[in-house]
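The values are calculated or read from the model by the stated rules, or taken from the named source; none is laboratory data. Fair warning: this is a prediction, and the values are worked out from it, not measured in the lab. No Cβ is skipped: glycine too gets one built from the backbone with ideal geometry, and neighbour counts run over all protein chains shown.
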Amino acid sequence: MILVTGSAGFIGSNFVLDWLAQSDETVINLDKLTYAGNLQNLASLKDDPRHIFVQGDIGDTELLPKLLAQHRPRAVVNFAAESHVDRSIHGPEDFIQTNIVGTFHLLEGVRSYWQSLPSPASGRGVGGEGVTQSDFRFLHVSTDEVYGSLTKDEPAFTETHRYEPNSPYSASKAASDHLVRAYHHTYGLPVLTTNCSNNYGPYHFPEKLIPLMIVNALAGKNLPVYGDGQQIRDWLYVKDHCSAIRCVLDKGKLGEVYNVGGWNEKANLDIVHIVCALLDELRPRPDGKSYREQITFVTDRPGHDRRYAIDARKIERELGWKPVETFETGIRKTVQWYLDNQDWVNNVLSGNYRQWVEKNYAART
Ligand code: NAD
Ligand code: TYD
């Protein structure tokens, strides 16, 4: 059994769906269901006994110890976070609360659970008696944004790059990474950290660049490109991020950090052009014009990081992980997914996904 936090969100829900497609190991899903949490992502698991959903906060100091004691997971994977840079600029407080204070409480709960587990040296916990201290893992999911911004010619971020976060979001994630590191060095907590580049794929909330462009294009709205659109992000298909996390959980060296990325740097404007070209092909505009006509250059984001790029050689070399999708295959799948899942999009845009949760999960939360 594993406990996964934040798994009603974009990456977490993809992770749980992939996990249960490949294994029968039960997942406890602890999620607060903020605006970004959408249980409709996990609708296919609604009556699946291998998925136990608990609505709650990672910072809830009563709930967490109870959950850990009751289910005795062999691992905790922490996706829960406030994740949108623009929101962090307009209102950083939730980011401090969840990403820093919440992660701290989560670590405290996990530490005390882990310390209560039998150690192999005690003679207990061996021979199939359940999870031991040495089996246990805490995997913290983080971002490349903690490393700050690169100029055009600087080499990609390695795991030893200095932390230089520039937004309230990345600063709060950096703080959480430091706490995770400290719990390993101080208490010996068996932690692993992954720092991944920008993800894209199914169930991505349409406030982030790629899903926003798809959804706005189809709705005939403007496609807002910040500044000159020449900022660079390094894109990874979400399922490849999920496979990297499974790989690190399985084979990662305790206390280590693994950068995750697919060597796919692209300027934002190029991304928008690619999305428009795919939509022109798959769902042409009724007037026969290109969706590019909807591109609008808008005021830049304050403190906008110019370039992110991940050097993924460590995870490739040491753990043998490699992404499956190229950007071309992944973005085509993504655009097609949004075209095939208009109900999901409409429910998100109208806010109806909240009522869906109450109707379908009320009795179980
Ligand atoms: P998301 O915003 O889509 O989902 C976050 C989930 O966490 C939501 O389901 C939300 O309800 C839940 N949550 C928020 N606060 C909570 C709390 N206090 N307690 C319990 N649950 C809470 O985010 P995402 O894009 O899926 O990102 C997941 C993780 O991966 C984050 O930690 C993020 O920093 C990291 N990450 C994201 C990307 C990316 O491109 N999206 C890249 C690298 C790393
Ligand atoms: P985003 O998806 O918010 O991810 P992050 O800020 O974590 O990288 O944004 C990706 C890039 O796209 C970023 O450089 C900001 C830019 N962007 C736009 O130009 N227009 C938009 O409407 C959005 C949401 C983002």
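Just a few scattered comments:
- Looking only at segment 67-82, and only at residues there that are away from ligand 1 (no atom under 15 Å from the Cβ) and over 27 Å from Cys196 (Cα atoms), the one that is surrounded by the fewest Cβ atoms within 10 Å (Cβ to Cβ): Gln70
Residue by residue, here is whether (1) more than 20 Å from Gln97 (Cβ to Cβ); (2) β-branched (Val, Ile, Thr); (3) touching a strand residue (DSSP E or B) at 6+ places or on another chain (Cβ under 7 Å); (4) in a loop (DSSP other than H, G, I, E, B) holds:
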site: Gln133; (1), (2), (3), (4): yes, no, no, yes
site: Glu145; (1), (2), (3), (4): no, no, no, no
site: Asp153; (1), (2), (3), (4): yes, no, no, yes
site: Pro165; (1), (2), (3), (4): no, no, no, yes
site: Ala171; (1), (2), (3), (4): no, no, no, no
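- Flag if Lys266 is surrounded by 14 or more Cβ atoms within 10 Å (Cβ to Cβ) and in a strand (DSSP E or B): yes
- Single residue of segment 209-241 satisfying the filter (part of a strand (DSSP E or B) and aliphatic (A, V, I, L, M)) that is farthest from Thr296 (Cα to Cα): Leu236
- Looking only at residues in segment 245-254 that are surrounded by 16 or more Cβ atoms within 10 Å (Cβ to Cβ) and not charged (D, E, K, R), the one that is nearest to Leu17 (Cα to Cα) is Ile245.
- All strands (runs of 3 or more DSSP E) inside segment 1-120 with 2 or more residues being touching a strand residue (DSSP E or B) at 6+ places or on another chain (Cβ under 7 Å) and more than 23 Å from Ser134 (Cβ to Cβ): 27-31, 51-55
- Within segment 233-289, being of a type in the set (Gly, Ala, Ser) and out of contact with any Leu (no Cβ under 9 Å at 6 or more places or on another chain) holds for Ser243, Ala267, Ala277, Gly288.
- Neighbours by Cβ (under 8 Å, 6+ apart or cross-chain): first from segment 156-173, in contact (Cβ under 8 Å) with a residue 60 or more places away in the chain and within 22 Å of Asn264 (Cα to Cα); second within 12 Å of ligand 1 (Cβ to nearest atom) and in a loop (DSSP other than H, G, I, E, B): Ala156/Gly261; Phe157/Tyr308
- Scope segment 28-48; condition under 11 Å from Thr5 (Cβ atoms) and either in contact with a His (Cβ under 6 Å, 6 or more places away or on another chain) or within 16 Å of ligand 2 (Cβ to nearest atom) (or both); matching residues: Ile28
- Output for segment 210-248, where each listed residue is on the phi > 0 side of the Ramachandran plot and either of a type in the set (D, E, K, R) or near ligand 2 (Cβ under 8 Å from one of its atoms) (or both): Gly227, Gly229
- Filter pass, Gly255 being in contact (Cβ under 8 Å) with a residue 60 or more places away in the chain, within 14 Å of His140 (Cβ to Cβ) and either touching a helix residue (DSSP H, G or I) at 6+ places or on another chain (Cβ under 6 Å) or assigned to a loop (DSSP other than H, G, I, E, B) (or both): yes
- Selection of first residues in segment 218-232 that are closer than 25 Å to Gly288 by Cβ and of second residues that are surrounded by fewer than 15 Cβ atoms within 10 Å (Cβ to Cβ) and of a type outside the set (S, T, N, Q), restricted to Cβ pairs under 6 Å at least 6 apart or on distinct chains, gives the following pairs, ordered by first then second residue: Pro224/Val298; Val225/Phe297.
- Residue list for segment 249-265, filter: of a type outside the set (Val, Ile, Thr), away from ligand 2 (no atom under 15 Å from the Cβ) and touching a Ser or Thr at 6+ places or on another chain (Cβ under 6 Å): Tyr258
- Val348 satisfies every condition listed in (1) at pLDDT below 95; (2) farther than 21 Å from Asp48 by Cβ except (1).
- Residue match in segment 283-295 (condition: crowded, with 18+ Cβ neighbours inside 10 Å, not aliphatic (A, V, I, L, M) and not in a strand (DSSP E or B)): yes
- Segment 92-119 residues that are more than 11 Å from Pro65 (Cα to Cα) and of a type in the set (A, V, I, L, M, F, W, C), paired with ones that are in a helix (DSSP H, G or I) and within 16 Å of ligand 2 (Cβ to nearest atom) (beta carbon under 7 Å, 6 or more apart): Phe95/Ser88; Phe95/Pro168; Phe95/Tyr169; Phe95/Ser172; Ile96/Ser172; Ile100/Ser172; Ile100/Ser176
- Lone qualifier among Tyr237, Tyr258 - being under 12 Å from Thr194 (Cβ atoms) and within 13 Å of ligand 1 (Cβ to nearest atom): Tyr258
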